[in-house]
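**Q** Submitted below is the structure of interest, expressed as structure tokens.
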Amino acid sequence: MTVTSHDNVPTTVLDGAVKDYSRDKVYVMTALFLAVLTIIEVFTYAAPDFPVWADELLVPVLMILMAVKFFTIVYVFMHLKFDKPILTKLFYMGLVLAVLVYIAMLSTFRIWHNGQHG
Amino acid sequence: MAESLTSRPTLAAADAQQAHAHIDADTNTGISNTKLGMWLFLASECLLFGGLITTYLLYKHPLEGPTPHEIFDIPFTSTSSFVLLMSSLTMVLAVSAIERGEHQRMRVWIGATAALGATFIAGQIYEFTVFVREGLGFTTSRFSSAFYTLTGFHGIHVTIGIIMLVSLVLLSLRGKIPEHRAETVEIVGLYWHFVDVVWVVIFAVVYLIPS
């Protein structure tokens, strides 16, 4: 049975209703995971010659860490994981559109070429 | 009467039975218009910040004035980033608390979120002050203009978020956020998490990726 927004459930009944269905532990673990990723990010600055991200691997490693943090926050903290799929589609529409538009713009300005720009 | 009330489905029951976590709104999508509006707004914000980040990438090599490598204080900014990241945790715990009907705890978590946000803004003001003292004004170079515009816009978003959080606490104290309106807290939370997500990108692209 589905509860709708038109069901006039008294707040005294709802009080404590989801106590046994808490996701707080998931949230704390997610925050710890994000903290570890941030520490790794900062470590790339402190130790740029570390073998895992030495030389040309540094930027891809940072981009991957950034993407993992981004999607972890969006999925867990912003509830996309638990919410209706249409919200995921809506958000990705904006995100993909933004990425495509700005890749096109950066390409127009020859950002991929070495050296100073414009 | 008491029996009919307790026989009603609780939030927990609805939560457990459905693939999604939230109460169905009486709309075509089952999502409240307010929440849908916030997600549309956030999708459009991707375009705003995408534009600002792209502009920064185009202009990050200054032709005059200090370079990013010369002025950025990575340990300091890392601490600020960590503070903002943890504010997302306190925010989501506030949403969780109001869903359980724990008003006092919700106010504590929202207060903590606002305090962490204010700490981040204080750090940004300090950082800007140091940069200006070192000769990096808004009009010093194309890099400085792009940098201040991007991070400044983000700072304004955080400040607006803090105002919304303080308003939530005041509304809660006046008893205007009962559990069946917990979505109000969730919607403010969505905005706050988005601001955090944007900083995740800015921190990596602007501060950590070398020129």
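**Q** Just checking, how many residues over the range B:97-133 are surrounded by 23 or more Cβ atoms within 10 Å (Cβ to Cβ) and touching a Lys or Arg at 6+ places or on another chain (Cβ under 7 Å)?
**A** Counting residues in the range B:97-133 that are surrounded by 23 or more Cβ atoms within 10 Å (Cβ to Cβ) and touching a Lys or Arg at 6+ places or on another chain (Cβ under 7 Å) gives 1.
**Q** B:V166: touching a residue at least 24 places away in the same chain (Cβ under 8 Å) and open to solvent by 10 Å² or more (accessible area, probe 1.4 Å), yes or no? It would help to see each step written out before you state the result.
**A** On the way: touching a residue at least 24 places away in the same chain (Cβ under 8 Å): yes; open to solvent by 10 Å² or more (accessible area, probe 1.4 Å): yes.
Yes: the conditions hold for B:V166.
**Q** Kindly indicate whether B:L48 is surrounded by fewer than 21 Cβ atoms within 10 Å (Cβ to Cβ), farther than 23 Å from B:G117 by Cα, at pLDDT 85 or above and more than 7 Å from chain A (Cβ to nearest Cβ).
**A** no
**Q** Here's a follow-up. Mind checking which residues of the range B:62-81 are open to solvent by 80 Å² or more (accessible area, probe 1.4 Å) and at pLDDT below 90?
**A** Those that are open to solvent by 80 Å² or more (accessible area, probe 1.4 Å) and at pLDDT below 90: B:L63, B:E64, B:H69, B:E70.
**Q** Give me the pairs: first residue in the range A:84-100 and outside the structural domain of A:F71 (by TED's automatic domain parsing), second residue open to solvent by 40 Å² or more (accessible area, probe 1.4 Å) and of a type outside the set (V, I, T), beta-carbon distance under 6 Å, and six or more apart or on different chains, which are they?
**A** A:A98/B:L47
**Q** Looking only at the range B:161-206, which residues are of a type in the set (V, I, T) and within 30 Å of A:I40 (Cα to Cα)?
**A** Within the range B:161-206, B:I162, B:V188, B:V195, B:V197, B:V198, B:V200, B:V201, B:I202, B:V205, B:V206 meet the criteria.
**Q** Does B:S167 satisfy the condition of being under 18 Å from B:T90 (Cα atoms) and either more than 14 Å from every other protein chain (Cβ to nearest Cβ) or part of a loop (DSSP other than H, G, I, E, B) (or both)?
**A** yes
**Q** If you don't mind, there's one more thing I want to ask. From the list A:F70, A:F91, A:F33, which one is at pLDDT 85 or above and either in a loop (DSSP other than H, G, I, E, B) or at the interface with another protein chain (Cβ under 9 Å from one of its Cβ atoms) (or both)?
**A** Result: A:F70 is the single residue among A:F70, A:F91, A:F33 that is at pLDDT 85 or above and either in a loop (DSSP other than H, G, I, E, B) or at the interface with another protein chain (Cβ under 9 Å from one of its Cβ atoms) (or both).
The values are calculated or read from the model by the stated rules, or taken from the named source; none is laboratory data. These numbers come from a predicted model, not from an experiment. Backbone-built Cβ (ideal geometry, glycine too); neighbour counts: all protein chains shown. Ligands, DNA and RNA are stripped out before the accessible areas are found, and what is left, the full protein with its side chains, is counted by its heavy atoms. Shrake-Rupley method; radii C 1.70, N 1.55, O 1.52, S 1.80 Å.
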